[in-house]
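Read the structure below first, then the notes.
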Amino acid sequence: MKDLVVAIDGPAGAGKTTVSKIVANKLGIDYCDSGSCYRAICYLALSCGIDPFSSNLLSLLSEKELILDSGKVFVDSQDLTPHLREPDVSANVSIVAANPEVRRYVTNLLISQKRKKGLVIEGRDIGTAIFPETPFKFYLDAHISIRKERRQGEAIEERDKIDSERKTAPLIRPDDALLIDTENLSSHEVADRILERVRFILRKNRFYWVAQRIVASFFKIFFRYSVLGAENIPKQGSLIVASNHMSFLDPPVIGVAMELHYFAKEELFLLPVFGWLIKNLNAFPVQREGFSRKAIEQTIRILENSGRVLIFPEGTRGVGLREPKRGIGLIARLANKKIRTPILPLRISGTEKALARGAWIIKPHKIKVAIGRPIQPETFFKKNDQEIANMVMEEIAKL
Ligand code: DC
């Protein structure tokens, strides 16, 4: 837990503070409001009669030290917290926060905080500049009219503009953060969504890990199983794994190369041993084969949680490479609206001989998995679903 950093970014009025406190409380870890550091410096400047535009604001802190403790900000043991939301401070804080020297000071302060527990930290640049390595990134947003209503009397548009147009660490959505629109959700619902993803990422499926090693050994001996291009598998983050499909052996053959989630027909989960097995190997039930609406929603949810989902663009098993269905394009497009989700093309060979369609007995035929470079979302943003699907099949064909 000590290394757990949950980064919550977003513009003013998106609901970060309430949500961050709920999340910290439920996880039993610390909470930090990085904006309070900029507010404290702004307050100090205003109370000393220093222009917030002044470039050497840090002279204010030459003999003093900002200290963050239990969600409060102190200077020389004076608690500044009660002053941080004063209208004057709110009106000038964006200017102070745009000062590069101030940003450097606050960044160092935030990074060097001693942590006994994990941390939920909210701000504008947490996922991009302060803790860019954390996999637990979230970006909260809501329509400007809603945010204005939530922060009545504050010049929200002006602050948005200064925060997102400044040169140093501007407010931008980290593309590996999950975007949550807080407009129609309560604070508890937003917090629950965050907690769901945090727990998903933290969850270690030991059963999968063990099964993966046992099955890999069997595959290597029985099928002379080999994987080419394993270095192309991204280390973390949401991923659609797209493969050709020829045999029932394909899912385990890919699942041995990397931990995956995949959908399976609902009925299969009712089978005594097999149902238990696939459930514990990350399968999720869908009502019918293919891309029903519910299946699409479930797939996107797993991707939003930073899972890796296996999709066969061609839909069903068949011989050779075939025309893809548009489902993979739809999923890639929708998932990328919320979180960056590349597509990993992969080509299997040999399973059509090892366990052909209609066959019941596996044969010791050589099986190979070739993994290509991930297809980055920038290359398909402007394409429609079918074009994305075609592009994926073309990449698979090159392998
Ligand atoms: O979240 P807030 O309203 O308390 O933020 C006050 C100001 O500080 C706001 O203009 C954005 C800025 N800020 C920032 O630039 N980077 C952060 N990590 C947090 C806040």
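Values quoted throughout were computed directly from the atomic coordinates according to the rules given, and no laboratory measurement underlies them. As the structure is a computational prediction, the values presented were derived from the model and not from experiment. All Cβ positions, even for glycine, are placed from backbone atoms using ideal geometry, and neighbour counts span all protein chains on display.
Per the Debye calculation on segment 216-281 with a single equal scatterer at every Cα and no solvent contribution, log₁₀ I(q)/I(0) for q = 0.19 Å⁻¹ amounts to -0.93.
Have a look at the DSSP beta bridges in the chain and tell me what percent are antiparallel, nearest 5. Before the final figure, lay out each step's value.
Numbers: 11 of 43 bridges.
Counting only bridges with both partners in the chain, antiparallel ones make up about 25 percent.
Seen from K116, the other residues with C-beta closer than 10 Å to its C-beta sum to a net charge of +3, counting Lys and Arg as +1 and Asp and Glu as -1. Of P100, P135, P82, which is the most mobile in a GNM of the chain whose springs link Cα atoms less than 10 angstrom apart? Residue with maximal mean-square fluctuation among P100, P135, P82: P82. Ignoring lysines fewer than eight residues from K279 along the same chain, the ones with Cα atoms less than 23 angstrom from its Cα are K204, K265, K294. By the count of neighbouring beta-carbon atoms within 10 Å, fewest first, V73, V106 end up ordered V73, V106. Determine the shape class of the chain: with a ≥ b ≥ c the square roots of the Cα gyration tensor eigenvalues, call it rounded for a/c under 1.5, and otherwise prolate if a/b is greater than b/c, oblate otherwise. Cα axes put the chain in the prolate bin.
Taking the fewest neighbouring Cβ atoms within 10 Å as the starting point, the ordered list for F284, F207 is F207, F284.
When both segment 12-87 and segment 252-279 are represented by their alpha-carbon centers, they are found 50 Å apart.
Would you work out the Kirkwood radius for segment 34-185? I mean one over the mean of 1/r across all pairs of different Cα atoms, in Å. Provide the component values of the computation, followed by the final result.
Details: mean 1/r = 0.0611 Å⁻¹.
Every distinct Cα pair counted, the radius reaches 16.4 Å.
Checking every one of the GluC sites (Glu not before Pro) in segment 46-129 against DSSP loop status and a limit of 16 other Cβ atoms within 10 Å picks out E63, E65. Inter-label distance, K64 to S226: 6.8 nm, where each label sits 7 Å from its Cα along the C-beta direction.
Looking only at segment 255-399, where both bridge partners belong to it, what percent of the DSSP beta bridges are antiparallel (to the nearest 5)?
Values: 5 of 10 bridges.
So the antiparallel bridges in segment 255-399 amount to around 50 percent.
The alpha carbon centroids of segment 100-116 and segment 289-362 are separated by 43 Å.
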